[in-house]
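Scroll down for the structure; my scribbles are underneath it.
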Amino acid sequence: MKAIRISIVIIAVLLLLPFLVACEKEYRLSVYVYGGQGVVTPSSGTYSEGTLITISAVPDSGWEFERWEGDVEGNLEPLARVWMNSDKTISAYFVETQPPTPTPTLSPVHTATPTPISECPTGHSAAVNNPSICCQNGYPYYWTDGYCHAVEQSAPTATPTPTLTVTPTHTPTSTPTPSSVIPTGYCNAACPLTWLGDGQCDCVCNNSECNWDNGDCD
């Protein structure tokens, strides 16, 4: 009898099993990638009711995950969970990453040392600040304008001289005596200029006023 009961139960289960399977609900999960490049796993599919699905978003090279949109819990993390209690639709968004700005490499600036000039023309000498250039004497510095220049010196500050007030004094004018007046054309009162240097020694001209008769009395 026991064996007969077991057989009846097994037969009943086998007869009811198709109906039990037909009553299990399934829902559609639709997965999309928008706004960039990347891979979402798992992809779209059908899942039984009550199934917990973990979805991951992996960006391609040069992209990064930005957010989820749709029927998903936690829209900012690349791993999300979906409860399959109805049809679900989710979308992953990726954005392009900005390449790092390269740091410019500065090459050292080589400043050539001027070669001193071996010889400058007469009246010239090598510039003080550029010995490869000859500058005219008195203009010792070579400037970037291509010309030699003199040393710029600031003018000394003049000390003002105090102004003196001079009171004019009256000096009486003396009337010359006739002997002190030298006539025109004479070097003294008695020696005309025509006697000077005429080859004859004139005693009245042999003095300092008439330049010793211009040598006639030597």
Q. Counting Lys +1, Arg +1, Asp -1, Glu -1, what net charge surrounds ASP202 among other residues with beta carbon under 11 Å of its beta carbon?
A. -3
Q | Gain on full stretching of the segment that runs from VAL95 to LEU15 - 0.36 nm per residue minus C-alpha separation | A | 23.3 nm
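Each value in this text was obtained by applying a stated rule to the coordinates, not by laboratory testing. Note that this is a predicted model, so its numbers are computed, not measured. Reconstructed Cβ throughout: ideal geometry from the backbone, glycine too, with neighbour counts over all protein chains shown.
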